[in-house]
Amino acid sequence: MQSVVTPANQPAAQSRPQKLQVLGILSGFTAGAWLGAAEAPTKLVSVGVSPIVISLIMVTGVFLARWSVPALILGTSSVRADLRRAPHLIIWALLAGCLWAVANTMTIFAIRDIGLSIAFPLWNSNSLLGILWGFIFFNELRQAGWRRWTGVLGGALVMCVGAALLARASATQAPAAHSTRGVWAALGAGILWGTMYIPYRKAYLSGMNPLSFVTFFTFGELGMMSALAIGYLGLSPLWHELNSARDVLFWLMLGGFIWVIGDVFQQYAAKYVGISRGIPLSNSNQLWGLLWGIFVFGELRGSGVSTYSQVIGGSLLMMLGVGAIAFSSAAGKEQAQWQEASHRESRRYNLSEDYVEARMQGKQMAGEVRPPRTLWDWILVTIATGIFVFFASLARAPRMSFHWAPAVLLIIATMVLLLVCGTTLWRTTRFD
């Protein structure tokens, strides 16, 4: 029986897109906090751990989290059901994982050469690519109106100015032989990460649940990172470095786990506000990275007023640009263009338009029943927990500058965001 829109239910129907827009914005800011916290363990490069080893172990933690977290929230049966409906997305997920692994490795080289507080905003140039790809491939910002175009383009210009200030400041924070290399590594990571969001948006326009997409994403991550580590170091030297760094492996795996929490929220931001807005929102992690770098790890200590002005001013400028882009929210005409892109994906891959439309609204189809969790889900969670506990028993606190008071405050703030956004996401979409 066809539903009829009456004056009583029309406001509710109209408010649904607005709720999803607010949810996407909140998810983006929550992602920024957790993604910023996840990069803190990469500071272990200062105690002599190879960037390749850091990236490999972080990806191992990511792999464990990407299977255990969806198993805990949805259950692997839901993941399999999603993949049966859209099997073409498996190859896109693997490709996105490969891009992420290379980009993540480049960020660690960048942190080693120019520091966390400076590298963060540089690789967040992926916002610019997100805007471009969203417009070209997914009809984002089409028929958005001059005000929203002004907000997006003006925000992009401000971000570029902020990035230029930070790149200039980097020359005073690293040896001359390495500062340029660090800048290029950070910008290269931004290009790869910006391109990686194309499969993200493609998946959600096809109706796939974000928690399902990330499970196969991680095979690309782990496979590419293992190939990079063996190719760059060799099998025997890699094993030697892993054995030498066993005291800090837990912290790196924990960083990967934290990153997955942030990425889950980033996925929902990309789903509900698009990559042209979702990426800038999640790139608020640059502010969190600045806070971790300066207050917790003591970066920029002893620097001159000019360097502080460039780094802090550049970061604030970039955040201003992010805000201008993020709050240029999609209106009705632009959302109609999103629906057209979604229908195009449905026709291309022979998907049910009712299924795709329901998932884009954060709902399930009428009569659809979510599969229950199985024993296998609890086995996955138990295995992942056991691995983390084992490496935690080997862990030792690294000898490096670390200030606990600001670290505790930052941890509390990220946990509050997790609670607020997680509750809102559950109440609004049941994590669909």
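The values are calculated or read from the model by the stated rules, or taken from the named source; none is laboratory data. These numbers were taken from a predicted model, which means no experiment stands behind them. Glycine gets a Cβ as well: all are built from the backbone with ideal geometry, and neighbour counts include every protein chain shown. What goes into the accessible areas is simple: the full protein's heavy atoms, side chains included, and nothing from ligands, DNA or RNA. Shrake-Rupley method; radii C 1.70, N 1.55, O 1.52, S 1.80 Å.
For the range 107-120, the criterion of being in contact with an Asp or Glu (Cβ under 8 Å, 6 or more places away or on another chain) and at pLDDT 80 or above is satisfied by at least one residue.
Taking the listed residues Ser309, Ser315, the one that is farther than 19 Å from Thr30 by Cα, out of contact with any Cys (no Cβ under 8 Å at 6 or more places or on another chain) and modelled with pLDDT of 75 or more is Ser309, with no other qualifying. Whether any residue in the range 350-363 is in contact with a Gly (Cβ under 9 Å, 6 or more places away or on another chain), over 26 Å from Thr60 (Cα atoms) and acidic (Asp, Glu) is what I want to check. Yes, because at least one residue in the range 350-363 is in contact with a Gly (Cβ under 9 Å, 6 or more places away or on another chain), over 26 Å from Thr60 (Cα atoms) and acidic (Asp, Glu). Against the criterion of being on the phi > 0 side of the Ramachandran plot and open to solvent by less than 20 Å² (accessible area, probe 1.4 Å), Gly75 qualifies. Among the residues of the range 108-124, is there at least one that is within 21 Å of Ala227 (Cβ to Cβ) and either open to solvent by 10 Å² or more (accessible area, probe 1.4 Å) or among the aromatic types (Phe, Trp, Tyr) (or both)? Scanning the range 108-124, I find at least one residue that is within 21 Å of Ala227 (Cβ to Cβ) and either open to solvent by 10 Å² or more (accessible area, probe 1.4 Å) or among the aromatic types (Phe, Trp, Tyr) (or both), so the answer is yes.
In the range 331-340 there is no residue that is surrounded by 24 or more Cβ atoms within 10 Å (Cβ to Cβ) and either modelled with pLDDT under 80 or not aromatic (Phe, Trp, Tyr) (or both). Filtered by the rule that a residue be over 12 Å from Ala341 (Cα atoms) and of a type outside the set (A, V, I, L, M, F, W, C), the range 134-150 gives Gln143, Gly145, Arg147, Arg148, Thr150. You will find that of Arg359, Arg430, the residue that is out of contact with any Asp or Glu (no Cβ under 7 Å at 6 or more places or on another chain) and over 19 Å from Ser68 (Cβ atoms) is Arg430 and no other. Would you say Asp377 is surrounded by 14 or more Cβ atoms within 10 Å (Cβ to Cβ) and in a helix (DSSP H, G or I)? Spelling it out, Asp377 is indeed surrounded by 14 or more Cβ atoms within 10 Å (Cβ to Cβ) and in a helix (DSSP H, G or I). Here Val305 fulfils each of the conditions (1) closer than 16 Å to Ala119 by Cβ; (2) without any contact (Cβ under 8 Å) to a residue 12 or more places away in the chain apart from (1). Taken as a whole, the structure leaves Glu357 outside the set of residues that are open to solvent by less than 40 Å² (accessible area, probe 1.4 Å) and of a type in the set (Asp, Glu). Scanning the range 30-67 for residues that are of a type in the set (S, T, N, Q) and surrounded by fewer than 23 Cβ atoms within 10 Å (Cβ to Cβ) returns Ser46, Ser50, Thr60. Inclusion of Ser328 among residues that are surrounded by 15 or more Cβ atoms within 10 Å (Cβ to Cβ), over 26 Å from Leu35 (Cα atoms), hydroxyl-bearing (Ser, Thr, Tyr) and in contact with a helix residue (DSSP H, G or I) (Cβ under 6 Å, 6 or more places away or on another chain) is not warranted. For the range 149-203, a residue qualifies if it is modelled with pLDDT of 85 or more and in contact with an Asp or Glu (Cβ under 8 Å, 6 or more places away or on another chain), and exactly one does: Ala185. Could you please let me know if Ala384 is over 25 Å from the mean Cα position of the chain (by Cα), of a type in the set (Gly, Ala, Ser), within 26 Å of Val62 (Cα to Cα) and open to solvent by less than 40 Å² (accessible area, probe 1.4 Å)? Here the answer is no, as Ala384 does not meet what is asked.
All but one of (1) over 30 Å from Gly130 (Cβ atoms); (2) of a type outside the set (Lys, Arg); (3) part of a loop (DSSP other than H, G, I, E, B); (4) touching a helix residue (DSSP H, G or I) at 6+ places or on another chain (Cβ under 7 Å) hold for Val369; state the number of the condition that does not hold. The single condition Val369 does not satisfy is (4).
Are any of the residues in the range 349-364 farther than 30 Å from Leu418 by Cβ and charged (D, E, K, R)? For the range 349-364, residues farther than 30 Å from Leu418 by Cβ and charged (D, E, K, R): present.
Considering the conditions (1) crowded, with 20+ Cβ neighbours inside 10 Å; (2) more than 30 Å from Gln21 (Cα to Cα), Gly314 is excluded by exactly one of them, (2).
Of all residues in the range 326-346, those that are part of a loop (DSSP other than H, G, I, E, B) and without any contact (Cβ under 8 Å) to a residue 24 or more places away in the chain total 0. Of all residues being at pLDDT 75 or above and among the small types (Gly, Ala, Ser) in the range 130-148, which is farthest from Leu320 (Cα to Cα)? Just the residue, please. That would be Gly134. Of the helices (runs of 4 or more DSSP H) that lie entirely inside the range 190-301, those containing 1 or more residues that are closer than 23 Å to Leu320 by Cα and either of a type outside the set (Asp, Glu) or open to solvent by less than 10 Å² (accessible area, probe 1.4 Å) (or both) span 249-273, 275-282, 285-291.
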